[in-house]
Amino acid sequence: MQQASGHTLKAFDEDIERLRALISQMGGLAEHAISEAMRCLVQRDTEGAAQIVQDDKKLDALEIETERRAVQLIALRAPMAGDLRDVVAALKISGVVERIGDYAKNIAKRVPLIESAGRIEPLSLLPEMARLASGMVHDVLDAFVERDAQAALSVCERDEAVDDFYDSIFRALLTHMMENPHNIGQSAHLLFVAKNLERVGDHATNIAEMVYYAATGIHMADRPGKSPRL
Amino acid sequence: MDMKEKMPITPVTPVPTPSVAIAAEAREDGPSTVEPGQPEPSKLDAEVAAPAIAVSREANAGPQLDTGRDPKMSANDVSVFYGEKKALKDVSIRIYEDLVTAFIGPSGCGKSTFLRCLNRMNDTIPSARVQGRIELDGEDITSPAMDVVQLRARVGMVFQKPNPFPKSIYENVAYGPRIHGLSSSRSELDGIVEKSLKRAGLWEEVKDRLQESGTALSGGQQQRLCIARAIAVDPEVILMDEPCSALDPIATAKIEELIHELRGRYAIAIVTHNMQQAARVSQRTAFFHLGELVEYGKTSEIFTNPRQQRTQDYITGRYG
């Protein structure tokens, strides 16, 4: 259901907008952290990677700020119905986005550990996978800001592609490790990188479910016309 | 104000009693709503929690929810006219014994008008005309054959402003049972007074000063006294028209707790402007707007996921 017009109490609208803006800001930071981490990984930029680890603190701070504002809004405004679902969603989403930031940080931390450049075929797949995953994060947070349930649904559908990437990278790295035991350390790190990206996609899907519920009041799994999942 | 004049004394008097919560004439079937068959609270909760039938997406979903059991009261296509103006438009709703039903909506939406239909209080307004069928245990209360005085003993009412009689606390509660002949002895009457005051959560506060004037109590106590007075004639339904709007938050909390305790013993319908209150005390909520019943459903659904745009706008503070 659409939020037809603004609240009679304008300050209420401002509070909710501020909450949305915080989530957007967190999403922007998380997205940037993922793409930066991938750039650093490919270019072996250890300084840049250290910066990503540093910058993650901003996300943590924003999460706390979101929680503080959400709790305050619930206490002072007693939101109902769609407003209440929005606030609860914001509260949950901020935690998930913070987690996504942690995955980016984890990737960044592996940059100095992956030594010799050496040509590894899966490494060329990882940036593409990262683009997909962070694109999901970007679009799902836009969907939240716009209260767009359809956009949230379409984000979910993209998770499969991320999973497919993970599967093929997994197989490629396994082969790589079997070919030469010297590659095992490096490949294991890259496997974790792929796993982290795969988790980012899952988290974006979770956010999509929260956005869908906030926007419609219906859990995505119960939505009308849903085809049974295989 | 001399309450005796306003209080119908004889059962033949169809003249209504606008400002009095209880009315004359004992019910023939005697006290029956209470004790033995009373379901346990947990059972009640289970019943309420049962998902059973999905809430209809249409407005006026009342008939679809809670089907399969008999309502205490039901209204079918009830309309009220004040002169030419149709103040209430074809409202259908059911009220159950074990559920508190809240009526919410902006001023002038018809919720109080509807509440007043349920014990024919609108009869007191000369220009008011009521159409449609309203049943109490399946019996049409709008029929001319219905004894209004008896009806109001079965369907009691508590008003916005506490209105105790200017008499002692004891007399306030004893008055109804006495004139209805519900007790045959002083000790029996004492028992009714004590039981009613206890159920209204007032006994401990007033037991040592029953002879003091009811009007000397605090606002919250007065309101509980009015509830005790309504309970004393052993009604089946209690209608409350903004019972807390003149009370402070503590007194309000006590009334709300009381509503919770009375649930199951009496069917309760409450009109409130305070949506948080509706959310706190009721299991079913009906949203009225411009004389229409826009949406009726489980309180938990209405306040988290209303089906109608108008309901959403009203409860989220976007109305008007």
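Read the figures in this text as sums done on the coordinates, not as results from a lab. Since this is a predicted model, take the numbers as computed values, not measurements. Don't worry about glycine lacking a Cβ; one is built from the backbone with ideal geometry, like all the others, and counts go over all protein chains shown.
Table for the structure above
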{"item": "Cross-link partners of residue B:207 among aspartates and glutamates (Cα-Cα below 16 Å; sequence separation of 8 or more within a chain)", "result": "B:171, B:190, B:194"}
{"item": "FRET E, pair residue A:57, residue A:188, Förster distance 22 Å, beta-carbon r, rounded to 0.05", "result": "0.20"}
{"item": "Euclidean distance between Cα centres, region A:1-66 to region B:69-113, Å", "result": "48"}
{"item": "Selected from A:35, A:168, A:94 as most flexible by GNM, with chain A as the system and alpha-carbon contacts under 10 Å", "result": "A:168"}
{"item": "Alpha-carbon Rg with Dmax, taken over the protein assembly as shown, Å", "result": "31.8, 105"}
{"item": "Coordinate range along principal axes, alpha carbons of region A:10-221, Å, largest first", "result": "63, 35, 18"}
{"item": "Dipole magnitude of the protein assembly as shown about its Cα centre (Cβ charges: Lys, Arg +1; Asp, Glu -1), debye to nearest 20", "result": "1040"}
{"item": "Most fluctuating residue given options A:100, A:114, A:34, as computed from a GNM of chain A linking Cα atoms under 10 Å", "result": "A:114"}
{"item": "Mean ellipticity per residue at 222 nm, deg cm²/dmol - from DSSP H runs of n ≥ 4 across chain A, formula -39500 (n - 2.57)", "result": "-29500 deg cm²/dmol"}
{"item": "Unsatisfied cross-links (Cα-Cα over 31 Å) in the set A:58/B:298; B:86/B:198; A:92/A:195; B:72/B:167; A:10/B:298; A:10/B:72", "result": "A:58/B:298; B:86/B:198; B:72/B:167; A:10/B:72"}
{"item": "Inter-centroid distance (Cα atoms) of region B:218-233 relative to region B:257-301, Å", "result": "20"}
{"item": "Hydrodynamic radius of region B:77-198 per Kirkwood, over alpha carbon pairs, in Å", "result": "16.7"}
{"item": "Dipole of the protein assembly as shown [Lys/Arg +1, Asp/Glu -1 at C-beta], most positive-end residue of B:67, B:159, B:201", "result": "B:159"}
